[in-house]
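Engineer: Questions regarding the structure given below will be posed in turn.
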Amino acid sequence: MGKARKPIQIVILFLIVLVGGYAIGSSVFGGSGKPEEGSKAPSIDLLGLDGVGHTLDEYKGKAIVLNFWGSWCTPCVKEMPALQAQWEKWKDKDVVVIGINVGEDQMTVENFVKQVDIDFPILMDTGRDAVRSYGISPLPTTFFINAKGKIDNIHIGQLDLDSLDDQIGKLVD
Amino acid sequence: MSEREAFITNTKCECGHQNPVGTVLCEACGKPLGKESDWGDNLEMRYDGVARRSQRVNPSIIDRVWNFFSSVKIAIYLIVLTLLGSMLGTIFPQESTFLNIDASSYYKQEYGTAGDIYYKLGLSHTYESWWFVTLLVMIGASLVICSLDRVLPLYKALTRQKIRKHRQFLTRQKAVLVTEVQEEPEAWVARVVQPMRKKGYRVKTEGGALLAEKHRFSRWGPYVIHIGLIIFLLAVLARGLPGLNMDQHLAFPQGEITQIPDTTYYLKNEKFTVEFYTDDEMPEEFRGKKILPKLFQTKAVLYKCTADCGDPTKEPQLTEVTTHDIQVNSPLDYKGLKAYQFDYDLTPVLRSVQPALKNSTTGETYGKFKLDMKNPQRTITAGPYTLTLKEKYMDFGLNEDGQPISKSPYPNAPAFLFLIQGPDLPAEGQQYFYFPKQVDKTQFQQVAINDKLGGSSRFLELEVDNMSDVDFSESTTYLNIRIDRAMPFVWLGAAIVMLGLVLGFYWQHRRIWLTVTNGELILGGHTNKNWFGFRREIVSILEKVDMVVDEKSLDNGGGLT
């Protein structure tokens, strides 16, 4: 038979591997769309309480503690002092604590920040975009993101000072 | 021993044609190849006995992969496995059919241990799982390779048909007639041409030999089906690509412009209406028992963001692109984005009030102002007074320590704490709690709170004159927003499959070969189905040349099924 057969076979098999590999790959890695431990932290672009837009890229090379909260959520309120304490302890060691407020307006957030006396950066997710891309359901939820931008750990529920310290310690190592 | 035999198989036919390995019938004259003992009563006419491409002497790795996928047996196994797999997916509802559940606990709660196992095995998202997609990809590969493996040999066999076939080839067809003819061979053949043409055959002659053929295109039916299926599969796989598919359920409060996530589109619900059937319109057994909606309608306006999109520090600039009154089965449709009516919620949501500051001793009122629930104005001037908004609670309540808190981010029981400064007030100002909703005023005892804050001699009140100063979002509509750009290709694939099915089902490839030599007529006929119709056709053609043949006598041991 024709000598052109083999290259044609190879080209067709290659195309099948390419298309098939993409399809299978996206079902394995892109499955639920919800970020998991070990996956890359989704990007965000939100208005900060300082009036400036912020993205995670600004904190490249730093470990990030990303805390989703709301002023109406009691455990969120309760964990704020622990977050503030850890922010003060670690901020010189390339760790940044970021609070993402879920769906409240600027006034509520400002009052709250003043009331509980915290000074780590706060971003406002009024359109719940970050909530969607991080697949948040209950509040508070905290993501520990390492310096490479990978999610190291996801903590759902109230944080306490000690476990928070351990987690950040692991993140920095 | 048998392997060695296969190695040295002589594939050259006695007519001088060199056939490739795997050929069953000589490509040129049609004489069966191989040992005589292998031959059955009837000939194997699949692909006209031509070798398939995958049949080779020394298969390499690539050939082996190729052979794996070119096997129809493997393809059937794959299809059966896929069917079984998709059956598993229907035992319990798939995760994707729920709006908002925690799958890890849902299946256990709802279906017990079986549900838990179902979830843990990953069957709750069967159709997105790697093994299911792998099966689809393998079926796709099998379709492509099976087709290529057979289409080219078949094409060759059908386009290079020799008119004069070997005697063996003719007599071992399922429809055969061997009889005597007194006429000159060429004259007889010339006579039979016309009746055959009348029946729609294309006829070629060569001396005393003839080949009549019709509806050859129906042989391509299966491959047309394959092409359709490949397009279908590719379209299904492409739905996973970003931007090609979206299916989400979103809430649109009346009167607000809401962004559709992951797009540059914004949708405004101008008015939502729901009408119910009255008792008179309903059948008797439903009266007084059921409330049935007659119409849901969302007056929707779709906007596209033209500038400052996605910049959180700026307001996006929107341009109206289309409007539609969305009803059940009448979605808004704009460039592939569809919004279907899905659900509604008739709970009114307070958006803003316009209270005025009133001096209760003199009865004087000062400046009406607008108080938005979301992002309200922080400083307000009303006559000689200045109001500074100190605190805001969307859903007023008290915590364990008795301090005011907001119980949720939704304006269920909004409350505002102002500091009022101006004439006849203490220099540091006076605090004033304001509950816009009348029920909350009574429930939380606004008067008592304010008396405590400013003393009972205070004379300022915030009051709303009438309902026209209250702005409610009367209801919320839930729309199902869908983008499915792969769908046209799914339909195209399905249409091509249908075309292929029609080609294959309604036409049959019929061929009649005949030779007249030394007063003997040998006729062989082949069709891929409807042998009875074919037999009748042969008989009626022969009748036209005054040859009476019994239909049944044409059967050559094949049963003509």
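The values are calculated or read from the model by the stated rules, or taken from the named source; none is laboratory data. The structure displayed is predicted, hence computed values, not measured ones. Here the Cβ is made from the backbone with ideal geometry for all residues, glycine too, and neighbour counts use every protein chain on show. In case anyone asks, the SASA skips ligands and DNA or RNA and just uses the protein heavy atoms, side chains included. Shrake-Rupley method; radii C 1.70, N 1.55, O 1.52, S 1.80 Å.
Engineer: So which residues in the stretch B:354-379 are within 14 Å of chain A (Cβ to nearest Cβ), in a loop (DSSP other than H, G, I, E, B) and open to solvent by 30 Å² or more (accessible area, probe 1.4 Å)?
Structural biologist: Hits for the stretch B:354-379 are B:K374, B:N375, B:Q377, B:R378.
Engineer: Name the one entry in A:S39, A:S71, A:S26 that is in contact with a helix residue (DSSP H, G or I) (Cβ under 7 Å, 6 or more places away or on another chain) and either of a type in the set (S, T, Y) or open to solvent by 60 Å² or more (accessible area, probe 1.4 Å) (or both). Don't jump to the end; show me each part of the working.
Structural biologist: Working: A:S39 fails: in contact with a helix residue (DSSP H, G or I) (Cβ under 7 Å, 6 or more places away or on another chain); A:S26 fails: in contact with a helix residue (DSSP H, G or I) (Cβ under 7 Å, 6 or more places away or on another chain).
Of the residues listed, the single one that is in contact with a helix residue (DSSP H, G or I) (Cβ under 7 Å, 6 or more places away or on another chain) and either of a type in the set (S, T, Y) or open to solvent by 60 Å² or more (accessible area, probe 1.4 Å) (or both) is A:S71.
Engineer: Return the total of residues in the stretch A:128-151 being in contact (Cβ under 8 Å) with a residue 12 or more places away in the chain and over 17 Å from A:W90 (Cα atoms). Spell out how you get there, then give the answer.
Structural biologist: Taking the stretch A:128-151 as the starting set, the residues that turn out to be in contact (Cβ under 8 Å) with a residue 12 or more places away in the chain are A:128-131, A:133-136, A:138-147, A:149-151.
Now restrict to residues that are over 17 Å from A:W90 (Cα atoms): A:128-131, A:133-136, A:138-141, A:149-151.
So the answer is 15.
Engineer: For the stretch B:54-129, list the helices (runs of 4 or more DSSP H) that sit wholly inside it and hold at least 1 residues that are within 12 Å of another protein chain (Cβ to nearest Cβ) and within 22 Å of A:V28 (Cα to Cα); which are they?
Structural biologist: Working: elements: B:61-70, B:72-88, B:103-120.
Where helices (runs of 4 or more DSSP H) fall fully within the stretch B:54-129 and carry at least 1 residues being within 12 Å of another protein chain (Cβ to nearest Cβ) and within 22 Å of A:V28 (Cα to Cα), they are B:103-120.
Engineer: Of all residues in the stretch B:396-406, count the ones that are surrounded by 13 or more Cβ atoms within 10 Å (Cβ to Cβ) and either more than 10 Å from chain A (Cβ to nearest Cβ) or touching a Pro at 6+ places or on another chain (Cβ under 7 Å) (or both).
Structural biologist: Keep residues of the stretch B:396-406 that are surrounded by 13 or more Cβ atoms within 10 Å (Cβ to Cβ), which gives B:396-397, B:404-406.
Remaining after also requiring either more than 10 Å from chain A (Cβ to nearest Cβ) or touching a Pro at 6+ places or on another chain (Cβ under 7 Å) (or both): B:396, B:404.
So the count comes out to 2.
Engineer: Could you tell me which residue of the stretch B:212-265 is nearest to B:W513 (Cα to Cα), considering only residues that are within 13 Å of the chain's Cα centre (by Cα) and open to solvent by less than 50 Å² (accessible area, probe 1.4 Å)?
Structural biologist: B:I231
Table: residues versus (1) of a type in the set (G, A, S); (2) open to solvent by 50 Å² or more (accessible area, probe 1.4 Å); (3) touching a residue at least 40 places away in the same chain (Cβ under 8 Å); (4) farther than 22 Å from A:V102 by Cα.
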site: B:L350; (1), (2), (3), (4): no, no, yes, no
site: B:E391; (1), (2), (3), (4): no, no, no, no
site: B:S408; (1), (2), (3), (4): yes, no, no, no
site: B:L417; (1), (2), (3), (4): no, no, no, yes
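Engineer: Continuing with this model, one more query. Would you check if B:A382 is open to solvent by less than 70 Å² (accessible area, probe 1.4 Å) and in contact with a Lys or Arg (Cβ under 6 Å, 6 or more places away or on another chain)?
Structural biologist: Details: open to solvent by less than 70 Å² (accessible area, probe 1.4 Å): yes; in contact with a Lys or Arg (Cβ under 6 Å, 6 or more places away or on another chain): no.
Against the criterion (open to solvent by less than 70 Å² (accessible area, probe 1.4 Å) and in contact with a Lys or Arg (Cβ under 6 Å, 6 or more places away or on another chain)), B:A382 does not qualify.
Engineer: Also: So, in the stretch A:50-62, exactly how many residues are within 11 Å of another protein chain (Cβ to nearest Cβ) and either part of a loop (DSSP other than H, G, I, E, B) or touching a residue at least 40 places away in the same chain (Cβ under 8 Å) (or both)? Steps first, please.
Structural biologist: We begin by selecting, within the stretch A:50-62, every residue within 11 Å of another protein chain (Cβ to nearest Cβ); these are A:50-55.
Retained after the next criterion (residues that are either part of a loop (DSSP other than H, G, I, E, B) or touching a residue at least 40 places away in the same chain (Cβ under 8 Å) (or both)): A:50-52, A:54.
Residues in the stretch A:50-62 being within 11 Å of another protein chain (Cβ to nearest Cβ) and either part of a loop (DSSP other than H, G, I, E, B) or touching a residue at least 40 places away in the same chain (Cβ under 8 Å) (or both): 4 in total.
Engineer: So, one more: Of A:V65, A:V109, A:V116, A:V97, which residue is over 18 Å from the mean Cα position of the chain (by Cα), modelled with pLDDT of 85 or more and more than 9 Å from chain B (Cβ to nearest Cβ)?
Structural biologist: Details: A:V65 fails: over 18 Å from the mean Cα position of the chain (by Cα); A:V116 fails: modelled with pLDDT of 85 or more; A:V97 fails: over 18 Å from the mean Cα position of the chain (by Cα).
Step by step, each of A:V65, A:V109, A:V116, A:V97 is checked, and only A:V109 is over 18 Å from the mean Cα position of the chain (by Cα), modelled with pLDDT of 85 or more and more than 9 Å from chain B (Cβ to nearest Cβ).
Engineer: Scan the stretch A:127-138 and tell me whether some residue there is crowded, with 17+ Cβ neighbours inside 10 Å, within 11 Å of chain B (Cβ to nearest Cβ), closer than 24 Å to B:E315 by Cβ and over 14 Å from the mean Cα position of the chain (by Cα). Reasoning before the result, please.
Structural biologist: Initially, the stretch A:127-138 is screened for residues crowded, with 17+ Cβ neighbours inside 10 Å, giving A:129-131, A:133-134, A:136.
Of the ones still in play, those that are also within 11 Å of chain B (Cβ to nearest Cβ) are A:129-131, A:133.
Now restrict to residues that are closer than 24 Å to B:E315 by Cβ: A:129-131, A:133.
Next cut, over 14 Å from the mean Cα position of the chain (by Cα) only: none.
No: zero hits.
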